[in-house]
1. Pop out the carbon and sulfur fraction of the accessible area of the range 47-86 as a percent, whole number, probe 1.4 Å.
2. At 1.4 Å probe radius, can you tell me the per residue accessible area of the range 39-80 in Å²?
3. Principal axis lengths of the range 1-78 from Cα atoms, whole Å, largest first?
4. What accessible surface, in Å², does a 1.4 Å probe find on Leu123, ignoring ligands, DNA and RNA and rounding to the nearest 10?
Amino acid sequence: MEPEIITVGLDGSVESLAAAQWAADEADRRKAVLRLLHAWILLAAEAPDTPPDRDQNAGARRIVRQALDEVRRRHPHVRIVEDLVGAEADAALLRAADESRMVVLGTRALTAWESYVLGDVSLDVVGRAEGPVVLVRGGWCATPEGSGAADEVPRAGSRGSSSASA
């Protein structure tokens, strides 16, 4: 039996890093594989010997590497898969939702006008995914392992720390 996969969508924002930490905590609890997914429509196929100064995908790799480094500090034993996808974010995340136990996304809590103008990938995924999608606010922070405290503690000034849709 293959282990469950928990996919987190990354865009380099503080909110997506909070989502990565939440997803890592959940993957650790479930003994699941954590997939760090970054989708970018302009992801280029490159030869393995491409010099760093000509690497068009360096920014995408940096986003995934930053999340990986942060997650590893708290969860050194969680199995992690790095996934760079050359597609629109919503399409890649919906595909990942079909392959995963759940998808975890950061949310900026945009106003209705901001969502309309900027688009909101998280709302699109929540509305169209067949499986569970967890939205994590940027103010979410985990308690230290073994502290006996609740799994999440909202920072001062935040109302809720996360919301889920199944």
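The values are calculated or read from the model by the stated rules, or taken from the named source; none is laboratory data. If you're wondering where the values come from, they're calculated on a predicted model, not measured in any experiment. Heads up: the accessible areas ignore ligands, DNA and RNA and are worked out on the full protein's heavy atoms, side chains in. Shrake-Rupley method; radii C 1.70, N 1.55, O 1.52, S 1.80 Å.
1. Values: 1340 of 2800 Å².
C and S atoms contribute 48 percent here.
2. Details: 3020 Å² over 42 residues.
Per residue, the range 39-80 has 72 Å² of solvent-accessible surface.
3. Largest first, the range 1-78 extends 40, 32, 22 Å along its Cα principal axes.
4. Per-residue accessible area (Leu123): approximately 100 Å².
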